[in-house]
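The values are calculated or read from the model by the stated rules, or taken from the named source; none is laboratory data. All values derive from a computational prediction rather than experimental measurement. Here the Cβ positions follow ideal geometry from the backbone for every residue, glycine too, while neighbour counts run over all protein chains shown. Note: accessible area is taken over every heavy atom of the protein model, side chains too, but ligands, DNA and RNA are not part of it. Shrake-Rupley method; radii C 1.70, N 1.55, O 1.52, S 1.80 Å.
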Amino acid sequence: MVFVFDGAYFFIPLDSKRKTVSPGDLRRVKNIEKNAKVALLVDEYSDSWKDLWFIMILGLAGIVKNSEIVLLKEIHRMLIAKYPQYESLGMGDSCIKIKPIKVTSWKNAEGSVEHL
């Protein structure tokens, strides 16, 4: 999964990469429509365990649809800046938008565990 963050929201594209169902029929979209409470976990794995870390974002999610074309264009621009493949791939007609409510992070610091 890829995402971008604009300083206020996380955006996860429902892009045109190969899927077995339409974006509106994806399990994650149906789950968000039933319950907007979500968790987004981002981690960094390393063979050197002293370099491990994660950040967990608890938030409220919604679906940005093609009626919000100006926002979708801005999200696409951010995606291209982070992931150049999106210049040719395109991002689709919708994406997931997450408003962070609580953020928890952890990192392993020189053999000891730190909670941030």
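Descriptive notes on the structure:
- Some residue of the stretch 42-56 being more than 20 Å from GLY7 (Cβ to Cβ), among the aliphatic types (A, V, I, L, M) and surrounded by 11 or more Cβ atoms within 10 Å (Cβ to Cβ): yes
- Of all residues in the stretch 60-111 being touching a residue at least 24 places away in the same chain (Cβ under 8 Å), open to solvent by 70 Å² or more (accessible area, probe 1.4 Å) and β-branched (Val, Ile, Thr), the one that is nearest to ILE32 (Cα to Cα): ILE101
- Whenever a residue of the stretch 41-54 is under 23 Å from LYS99 (Cβ atoms) and touching a residue at least 40 places away in the same chain (Cβ under 8 Å), its partners that are outside any loop (DSSP other than H, G, I, E, B) and aromatic (Phe, Trp, Tyr), lying with C-beta atoms within less than 6 angstrom and at least six residues away or across chains, give the pairs PHE54/TRP106.
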